[in-house]
Amino acid sequence: MAKKNKKKGASTLGRDGSVVASNRKARHEYSILSTHEAGIALLGTEIKSMREGQASLVDAFATIDDGEVWLRGLHIPEYSHGSWTNHAPKRARKLLLHRREIDSLVGKVRDGNATLVPLSLYFVNGRVKVELAVARGKQAHDKRHDIARRTAERDAVRELGRKIKGMHA
């Protein structure tokens, strides 16, 4: 089967496998214990807005209420061509998980001081999925330690590249 040619400059927004929004700060603020993929119940205008690449996970978090997982704080702006049928941008949205997955999340969150943090929103087979992480908040010294470790790794890679090229530091 031949490959489909992608037009030059064509956007990948709204296509399968494309990331619509990601929470870049989450990996800095939290240490990730485990991740789960969940579906999300959306309205038609929310899907259309997300296909335009508009969504923000900046203040988003997930809660478990009465055996259901809800995503709160996710901002999906109103659809530009919508009318009175538009959605509320910051409404709570239900996450779609199997019962055993919800029970597992409840156990993990209840055991320690862990929380549910959305890491990214993306399309899979035309459906929007959320990468949900069970995470524990980092303290300031943990963040400094991670930054120092990343800096040391980056310097080691640079030095190795210099040695391979025959340059001296």
Output ³J(HN,Hα) for segment 126-131: one whole-Hz value per residue in order, computed from phi by the Karplus curve 6.51 cos²θ - 1.76 cosθ + 1.60 with θ = phi - 60°, and x for Gly and Pro.
x, 10, 8, 10, 10, 8
Quote the convex hull volume per residue of segment 22-139, based on C-alpha atoms, as a whole number of Å³.
99 Å³
For Ile76, what charge total do you get from the other residues with a beta carbon under 12 Å from its beta carbon, if Lys and Arg give +1 and Asp and Glu give -1?
+2
Quick one: of Lys138/Lys163; Lys25/Lys163; Lys90/Lys138, which pairs are farther than 31 Å apart, Cα to Cα?
Lys138/Lys163; Lys25/Lys163
Non-local residues with an amide H under 5 Å from the amide H of Ser18, with H modelled 1.01 Å from N and Pro and chain starts lacking one, are Phe123
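All of the numbers you see were taken from the coordinates with simple rules; none came from a lab. Please read all numbers here as calculations on a predicted model, not as lab measurements. Positions of Cβ are generated from backbone atoms using ideal geometry, with glycine treated the same way; all protein chains shown enter the neighbour counts.
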